[in-house]
Amino acid sequence: MSPSPRHRPSPPRGDLSGLRAHWRADAFGGFLVFLIALPLCLGISIASGYPPMAGVITAVVGALVTPWLSNSELTIKGPAAGLIVIALATITELAQVYGVERAYALALGVGVAAGLLQVVFALLRTGILGDFFPTSAVHGMLAAIGVIIISKQLPVTLGVMDAEGPPLELLAQIPSFFTRLNPAIALIGGLSLVILFGLPSLRERLPWSQKLPAPMLVILLAIPLGSLLDLSHEHEYTFLEHTHALGERFLVPVPDRMIGALTAPDFTALTSFVGWKWAVLLAVVGSLESLLSCKAVDLLDPHQRRTDLDRDLLAVSVGNTIAAAVGGLPMISEIVRSRANVDNGGQTRFANFFHGVFLLGCVALVPWLIHRIPLAALGAMLVYTGFRLASPREFRHALETGREELLVFVGTLFAVLATDLLVGVGLGIGISALIHRFYGVPLRAMFRPDFEIDDSDQERRRVTPLQEAVFSNWIPLRRRIAAALNDGRNVTVDFSRARVVDHTTMERMDGLIKRARSADLELRVEGLEEHHGHGEHPLATRRHGLALIRRLSVIAPAELEESIRDRLLALGASGYTATPGRGTGRRTSAGEVRPIDVVRLDALLTVNLAERALAALRGEFHGHALTISLETVEVSRTVDFAPQAPAPASHEPQSELRGTH
């Protein structure tokens, strides 16, 4: 039995007493995050079309401002790869309308407006809207962002500096990037990619590397290589009879003093539709990404502290407003640096503060060192980041959660690539809604679900959705669950009357179960026994109705009945039917007909178990006169035919919704 809250040690908090108690751990964690953040801030700035120092300004503002406003103890605030696409599109369109010279200052004006819109979102307590979007559409959006980052940064990594165009056009040009690469610059970019992709697999063999982040190791290698190639001076070299140029354009451009990087915003664009279009998009997508990242980091917190999402959104919005007012990029609660903070022992929000202090000290004291960093190294970091966002693992996960989730994932990805972020996500939501309509979800139930609430037990609330539980009606369900949990009551959610429980609902229920447990409460899920999953993942969409299963039929000599029966049961069959009879087969009917005593054994098995049973019978009873058939049938409860043997051990993360798949 877990200890009650009053006997549990108080978790570290980001107040003055927490600073005194944990400043060493927070300073150490903040320093290691700084090592990762510096190159990423520079790379994200350049990829977004902003001056390199803009990302550092954002990280410094986020570190010095947000810890005093947010109660998110472990998140690191700063520029993120997920907003590169919007930031770049903003500055590109503003350059087309108003001219290249004014585009940066105009983008800062749009950023200030976006920050103020986020302040309004936070004051209206819209943090819960982060729960509206279907999970697969969000993952598809992130994967699309990853592909876009790769398409734009791969040529930089190879030293091709004139690559331009929309994402699909850049992807089509990838072969030409390799034929036009600059060998010296590609050497820096290639070695950087080898380190970024290879170092994680060598962590156990190289213990020293566990304390040295891969991005910083890339910088430590790239700066000497850049000096060896004399990139600070314009010159040419010949390789395989081709002449290539080298010079400062392959290095990070920075001002001599940080004060020179500060830029005032221009609000002219806010008099037009173009400016407000991008302000709204930055505010909406930035808020969504920040909320999702914040929730993800809360799940990583070893002390199980929970962030007030509206308060954190307010902190991010104030930080965004200030950052844009002095020349910075948009910021969010960033997941990669936050994960590094958790892994390196950060305890309170002052780890974020310390990482900003180290950043400020670096750019104030040694800006010349930043100028020595080759752009190819930063491009390689962003290619690696893009690959992680759009890795094959993401596609496999989408397929495991069901073919319809894969359709939403891939549809959102290609829609974003072909149009833009907002339209692409909208189309992903539309695909998900159409799938639910195909499964018979009424239009009204998608937005206004009915519930049966039983509060007769003072210690436990029972919530029964009377219609389908899908992404678009999750917020009302969550509100009813959270109200009881906030009052210190246990909750049971009964899905027996919901014909469809989609992947988004399953995933978010799983998160609520973990959060309830951390508060010494119980959130129990019932009524999914007669729902069959649309995929192998334990959190795949569930649908009430007939499910596909296999019927294995074996006709064998009667004396083999016991052996075959025992083998099927040993494999995990939950039961069987034996029908005695007499018959003959081709081997004995040629000539004199001599019927023998036979038995027909029928067993209903899950798909995987049926294949295993078929292989076992073929191998172990080879040479015996067996007739085996396998057919697909429909049943109402697959759980009745699930293997009875213990499931094999797995290293994959397990769902808290046990017994529902």
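The values are calculated or read from the model by the stated rules, or taken from the named source; none is laboratory data. Predicted, not measured: the structure shown is a model, and the values here were computed from it. Don't worry about glycine lacking a Cβ; one is built from the backbone with ideal geometry, like all the others, and counts go over all protein chains shown.
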Fill in the blank from the handout: Checking 396, 388 in turn, the sole residue that is part of a helix (DSSP H, G or I) and over 20 Å from residue 87 (Cβ atoms) turns out to be 396
Practice task
For the stretch 258-277, name all the residues that are assigned to a loop (DSSP other than H, G, I, E, B) and surrounded by fewer than 18 Cβ atoms within 10 Å (Cβ to Cβ).
Solution key: 262, 264, 267, 272
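One line per residue, one yes/no per condition, for (1) crowded, with 20+ Cβ neighbours inside 10 Å; (2) of a type outside the set (Gly, Ala, Ser); (3) assigned to a loop (DSSP other than H, G, I, E, B):
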{"site": "484", "(1), (2), (3)": "yes, no, no"}
{"site": "488", "(1), (2), (3)": "no, no, yes"}
{"site": "493", "(1), (2), (3)": "yes, yes, no"}
{"site": "498", "(1), (2), (3)": "yes, no, yes"}
{"site": "506", "(1), (2), (3)": "yes, yes, no"}
{"site": "511", "(1), (2), (3)": "no, no, no"}
{"site": "514", "(1), (2), (3)": "no, yes, no"}
{"site": "517", "(1), (2), (3)": "no, yes, no"}
{"site": "524", "(1), (2), (3)": "no, yes, no"}
Fill in the blank from the handout: For the stretch 83-103, pairs from a residue that is over 20 Å from residue 58 (Cβ atoms) to a residue that is of a type in the set (Gly, Ala, Ser) and at pLDDT 90 or above, with Cβ under 6 Å and 6 or more apart or across chains, are 95/103
Handout entry: Output for the stretch 553-567, where each listed residue is within 50 Å of the chain's Cα centre (by Cα) and of a type in the set (D, E, K, R)
Key = 565, 566, 567
Handout entry: Counted residues, the stretch 369-387 - those being at pLDDT below 85 and surrounded by fewer than 24 Cβ atoms within 10 Å (Cβ to Cβ)
Key = 3
Practice task
Look at residue 45 and say whether it is closer than 24 Å to residue 295 by Cα, among the polar types (S, T, N, Q), in contact with a Leu (Cβ under 9 Å, 6 or more places away or on another chain) and in contact (Cβ under 8 Å) with a residue 60 or more places away in the chain.
Solution key: no
Exercise for the section: Can you tell me which residue within the stretch 392-410, out of those that are under 25 Å from residue 153 (Cβ atoms) and surrounded by fewer than 24 Cβ atoms within 10 Å (Cβ to Cβ), is farthest from the chain's Cα centre (by Cα)? Expected result: 410
Fill in the blank from the handout: Conditions (1) closer than 27 Å to residue 88 by Cβ; (2) touching a Lys or Arg at 6+ places or on another chain (Cβ under 9 Å); (3) not aromatic (Phe, Trp, Tyr) -> residue 181 fails only (2)
Practice task
Would you list the strands (runs of 3 or more DSSP E) that sit entirely within the stretch 526-585 and hold 1 or more residues that are polar (S, T, N, Q)?
Solution key: 547-557, 577-583
Handout entry: residue 389 under 13 Å from the mean Cα position of the chain (by Cα) and either assigned by TED's automatic domain parsing to the domain that holds residue 141 or without any contact (Cβ under 8 Å) to a residue 12 or more places away in the chain (or both)
Key = yes
Practice task
Sort out which residues of the stretch 435-470 are assigned to a strand (DSSP E or B), hydrophobic (A, V, I, L, M, F, W, C) and either in contact (Cβ under 8 Å) with a residue 60 or more places away in the chain or within 19 Å of residue 542 (Cβ to Cβ) (or both), and write them in order of number.
Solution key: 451, 463, 469
Practice task
Identify all residues within the stretch 54-87 that are of a type in the set (A, V, I, L, M) and modelled with pLDDT of 90 or more; write none if there are none.
Solution key: 54, 56, 57, 59, 60, 61, 63, 64, 65, 69, 76, 87
